Amino acid sequence: MRPPSPSIPEKEFLFSALKQGLRLDGREFFETRPVTLTFGPELGWVECSLGQTRVLAQVDAKMIKPPPERPFEGVISIHSEISPMASSEFELGRPSEEEVTITRMLDKVIRRSDVVDKESLCILAGQRVWHLRLNVHCLSDSGNLLDCACLAGIVALKHFRRPDVEVIGEEVTVHHPTSRAPIPLSLHHNLYCFTFAFFSDTSIHPVLDPNHLEQRLNGGLISIALNAHRELCVVQKSGGVPLEPADVLRIVNVAVQKAKDLDVIVESRLREDWEGRKVEVR
């Protein structure tokens, strides 16, 4: 069974605090929870934490024959799993509205926004290409699962290395990582998703990175995916609260600065992890 809706005292306490300029966890309105990135022993294995919200992402690759309509491009597939382990609100076999939103947004942010250069995944035109499979597992939902899942997926793609291949005529040789160093994926840009929550009471300031209670009591959400170069790729709004153009432009400007800050954190953690790895090439 799904848990009951927040009680009336919970609603009144949250709205009263927000009207006084306070959030329950002590953050500012446009402040995100701390981001933690943990890398596994294998390349492409990343656990991302946004406060108490945790998502695991893993990338693997295999060679396949490309579809005839796109013989020069690799294939990217995304599989997301949101089980009751993340929250009692989710049920196996009965996807909720949030689950559908997360799955669609992951597809827009990672696959349809051309984050990965698909032509670089081509090995032998019309015969062999790389098929990248991104698996996203939601471990704990403490609010704003979407942003955490998108970040985990992007970082996993940046962390992944595919095996080096050699093509002689129509013969393809895949080299083991111990004989030739694996090759990073060619990415066009790094997209980061930021979700803002609005409330039916217009006197309440919108909040960035809503926690679990704020997300359940919001009147509308707007998710923005952009990179550190101010290139806006995806804007998705849900809920019935109308927004003025000035409000949208304001939160886009906030998201631009947050994307720059997050990009620095991601690049720093990737550099630290790579420097600490020992890659033996014989």
Test set (1) crowded, with 21+ Cβ neighbours inside 10 Å; (2) modelled with pLDDT of 90 or more - residue 117 fails condition number: (1)
On the given criteria, is residue 81 of a type outside the set (Val, Ile, Thr), part of a helix (DSSP H, G or I), over 21 Å from residue 187 (Cβ atoms) and in contact with a strand residue (DSSP E or B) (Cβ under 6 Å, 6 or more places away or on another chain)? no
Filter the range 224-252 down to the residues that are part of a helix (DSSP H, G or I) and open to solvent by 90 Å² or more (accessible area, probe 1.4 Å), then identify the one that is farthest from residue 188 (Cα to Cα). 245
Taking the range 213-223 and keeping only residues that are open to solvent by less than 10 Å² (accessible area, probe 1.4 Å) and over 16 Å from residue 27 (Cβ atoms), one is left with 220, 222, 223
Evaluate the range 98-106: report whether one residue or more is open to solvent by 20 Å² or more (accessible area, probe 1.4 Å) and over 16 Å from the mean Cα position of the chain (by Cα). no
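So that you can scan it fast, the table gives a plain yes or no per residue for (1) touching a Phe, Trp or Tyr at 6+ places or on another chain (Cβ under 9 Å); (2) surrounded by fewer than 21 Cβ atoms within 10 Å (Cβ to Cβ); (3) within 30 Å of residue 7 (Cα to Cα):
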{"site": "113", "(1), (2), (3)": "no, yes, no"}
{"site": "128", "(1), (2), (3)": "no, yes, no"}
{"site": "139", "(1), (2), (3)": "no, yes, yes"}
{"site": "153", "(1), (2), (3)": "no, no, no"}
{"site": "186", "(1), (2), (3)": "no, yes, no"}
{"site": "200", "(1), (2), (3)": "no, yes, yes"}
{"site": "211", "(1), (2), (3)": "no, no, yes"}
Could you give every pair whose Cβ atoms fall below 9 Å, whose first residue belongs to the range 166-193 and is basic (Lys, Arg), and whose second residue is not in a strand (DSSP E or B), counting only separations of at least 6 or pairs across chains? 180/163; 180/164; 180/281
Restricting the range 36-72 to residues that are part of a loop (DSSP other than H, G, I, E, B) and among the basic types (Lys, Arg), the one farthest from residue 161 (Cα to Cα) turns out to be 70
Testing residue 44 on (1) more than 19 Å from the chain's Cα centre (by Cα); (2) surrounded by 14 or more Cβ atoms within 10 Å (Cβ to Cβ); (3) at positive phi, one condition comes back false. Which one is that? (1)
Of (1) open to solvent by less than 20 Å² (accessible area, probe 1.4 Å); (2) closer than 26 Å to residue 38 by Cα; (3) of a type outside the set (Val, Ile, Thr), residue 190 fails just (1)
For the range 174-208, give me each residue that is in contact with a helix residue (DSSP H, G or I) (Cβ under 9 Å, 6 or more places away or on another chain) and assigned to a loop (DSSP other than H, G, I, E, B). 185, 186, 190, 191, 199, 201, 203, 204, 205, 206
Find all pairs meeting these conditions: Cβ atoms under 7 angstrom apart; at least six residues apart or on different chains; first residue within the range 97-117 and free of Cβ contacts under 8 Å to residues at least 60 places away in the same chain and within 16 Å of residue 192 (Cβ to Cβ); second residue in a helix (DSSP H, G or I) and small (Gly, Ala, Ser). 102/149; 106/149; 106/153
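The values are calculated or read from the model by the stated rules, or taken from the named source; none is laboratory data. For clarity, every value in this text was computed on a predicted model and none was experimentally measured. Every residue, glycine among them, receives a Cβ derived from its backbone with ideal geometry; neighbour counts consider all protein chains shown. Heavy atoms of the whole protein, side chains included, go into the accessibility calculation; ligands, DNA and RNA do not. Shrake-Rupley method; radii C 1.70, N 1.55, O 1.52, S 1.80 Å.
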